[in-house]
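To start, I am sharing the structure in question, which I have written as structure tokens.
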Amino acid sequence: MWQEMAKFGKKLVDHGLVESNFGNISVRVGRSMIITRTGAALDEIEEKSVVEVPIENTSALDVLASSEASVHRNIYQGTDAKAIVHAHCPYSVTQTLITDSDKIIPIDSEGKLFLKEIPIVKGGIGSKEVGEGAVKAFEEHRGMVVYSHGPFAIGETLSEAYIIMTQIEHSCRIKYLVDLAKK
């Protein structure tokens, strides 16, 4: 599984959706999740870059897992997600900082069709507030953005979660550029 995570980690970095040592990726495997380790370079994932931890409770290995492991755990407990991608996409983060709303409304045709709206969740990195907000957002959406931090996307596969992540960032970039051009 780490090879598939490595493939999408590299794509995230290569496409400017995240800097190498930020963001995280996980996959549900039965009653556990395989998640990138804290500080893992997403464009250099190898077998030792991931750790398997339980979904239902914490374990001693949680200290090795991403600082967002608790959020991933909440999402897996509260949704049917099989894969989660979290990145610090620049335009998505920017949109959370300049809007007065609790959601981003895409203006591009693909964003309108596929996303409709992008919920914004508030809370600290790896916090219970973010985990609970994510589960609520994922009741009706496959992606959301944590205020001032970055989007989470879920899917049946890493490919699906990655595509949702790219759509969120694309829609946020288009919205930003259009708003800038109107000034």
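Can you compute the FRET efficiency between Ile107 and Glu139 using 1/(1 + (r/R0)^6), with r the Cβ-Cβ distance and R0 = 30 Å? Round to the nearest 0.05. All intermediate terms of the calculation are to be shown ahead of the outcome.
Working: r = 24 Å, r/R0 = 0.80.
The formula returns an efficiency of 0.80 here.
Now for a separate question. Based on Cα coordinates alone, diagonalise the gyration tensor for the range 1-68, multiply each eigenvalue by 5, take square roots, and list the semi-axes in whole Å, largest first. Walk me through the numbers on the way to the answer.
Numbers: eigenvalues 86, 28, 17 Å².
After diagonalising the Cα gyration tensor, the semi-axes are 21, 12, 9 Å.
If the chain between Leu61 and Lys10 were fully stretched, how many nm would it gain, using 0.36 nm times the residue separation less the Cα-Cα distance?
On the way: separation 51, 0.36 × 51 = 18.36 nm, distance 2.45 nm.
That works out to 15.9 nm of additional length.
Using alpha carbons only, how many angstrom separate the centre of the range 10-53 from the centre of the range 79-157?
Rounded to whole Å, the Cα centres lie 18 Å apart.
What shape does the range 80-154 have by the C-alpha gyration tensor, where a ≥ b ≥ c are the square roots of the eigenvalues, rounded means a/c under 1.5, and otherwise prolate means a/b greater than b/c and oblate the rest?
On the way: a/c = 1.63, a/b = 1.15, b/c = 1.41.
Cα axes put the range 80-154 in the oblate bin.
Which length gain, in nm to one decimal place, applies between Val178 and Leu97 when the Cα-Cα distance is subtracted from 0.36 nm times their residue separation?
Details: separation 81, 0.36 × 81 = 29.16 nm, distance 1.65 nm.
Residue separation times 0.36 nm, minus the Cα-Cα distance, leaves 27.5 nm.
Quick one, can you get me the convex hull of the C-alpha atoms of the chain expressed as volume per residue in Å³?
Details: hull volume 18.1 nm³, N = 183.
Cα-based convex hull of the chain, divided per residue, equals 99 Å³.
Then there is this: Where a Cα-Cα gap under 30 Å defines reach, which lysines qualify for Lys122, not counting those fewer than 8 residues away within the same chain?
Lys122 reaches Lys7, Lys10, Lys11, Lys82, Lys103, Lys112, Lys136, Lys175, Lys182, Lys183.
FYI, it's all coordinate maths here, none of it is from the lab. These numbers were taken from a predicted model, which means no experiment stands behind them. Neighbour counts are summed over all protein chains in view; Cβ atoms, including those assigned to glycine, are modelled from backbone coordinates with ideal geometry.
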